[in-house]
1. Name the pairs: first residue in segment 133-146 and more than 21 Å from residue 108 (Cα to Cα), second residue part of a strand (DSSP E or B), Cβ to Cβ under 7 Å, at least 6 apart or on different chains?
2. Taking the condition of being assigned to a helix (DSSP H, G or I), out of contact with any helix residue (DSSP H, G or I) (no Cβ under 6 Å at 6 or more places or on another chain), touching a residue at least 24 places away in the same chain (Cβ under 8 Å) and not aliphatic (A, V, I, L, M), how many residues in segment 14-53 meet it?
3. Can you tell me which residue in segment 73-130 is modelled with the highest pLDDT, limited to those that are charged (D, E, K, R) and within 22 Å of the chain's Cα centre (by Cα)?
4. Taking the options 23, 39, name whichever one is basic (Lys, Arg) and farther than 30 Å from residue 126 by Cα.
5. Out of all the residues in segment 78-99, which are free of Cβ contacts under 8 Å to residues at least 40 places away in the same chain and not basic (Lys, Arg)?
6. Picking from 96, 85, which residue would you name as being in a loop (DSSP other than H, G, I, E, B) and closer than 20 Å to residue 33 by Cα?
7. Applying the selection to segment 103-148, what residues are in a strand (DSSP E or B), surrounded by fewer than 16 Cβ atoms within 10 Å (Cβ to Cβ), in contact with a strand residue (DSSP E or B) (Cβ under 9 Å, 6 or more places away or on another chain) and of a type outside the set (Ser, Thr, Tyr)?
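The values are calculated or read from the model by the stated rules, or taken from the named source; none is laboratory data. Quick caveat: nothing in here was measured; it's all calculated off a predicted structure. For neighbour counting, all protein chains shown are included, and Cβ atoms are generated from backbone atoms with ideal geometry for every residue, glycine included.
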Amino acid sequence: MEQLLDTLDQYPLLLPLAIMLSRVVDVSIGTVRMIMVFRGRRYTAAVLGFFEVTIWLLAITGIIAHLTNVIGYLAYGLGFALGNVVGLIIEQKMAVGQQVVRFISSEEGENISRVLRSQGFGVTEFSGSGREGPVLLGFVIAPRKKVAELMEIISGVDPKSVVTIEDVRHSNIVEYNQRPAGGLWGWMRILKKK
């Protein structure tokens, strides 16, 4: 460790860069960890927490060993800010969990439901009344990775439909196969049962 600190003393910009990168990594991990906590994935959160704190210790050691290095403080703050952004981008790419997509349509509700079902999505429908008359409300629980596809289908059938999306903390629905029931996928399901 002492040899590393001597090397960092020889190259004054290397320490702030190392501090910033450490903070980007540890805050990114921390952001993903918090989202895992909210989604009820406690073991994943625990493992991420271990790595988050270990990397944070490396960053804070660099700051404490060089208290007069003002650029180190700025790098620490910049790393924190960038880490939040990077962590959210990582979490969006991972798209862990499920969401409820609700749609309200006054004209094409049944067609939306039919098309969604043909694409392998489960839809629960309710009749309702809106400001301008009868409407159909549809509820779909889907993996987050499928929500963009779901939105595209809904807006393709009825661009005037109202759509809301909400995260699901817990559901008794397993992230089921979203493919249509027929064809090769239907046969594979039958073969798995034997």
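1. Qualifying pairs under 7 Å: 143/98; 144/98; 144/99.
2. 1
3. Selected residue: 102.
4. Answer to the check: 23.
5. Matches in segment 78-99: 81, 85, 89, 92.
6. 96
7. 125, 126, 128, 130, 134, 139
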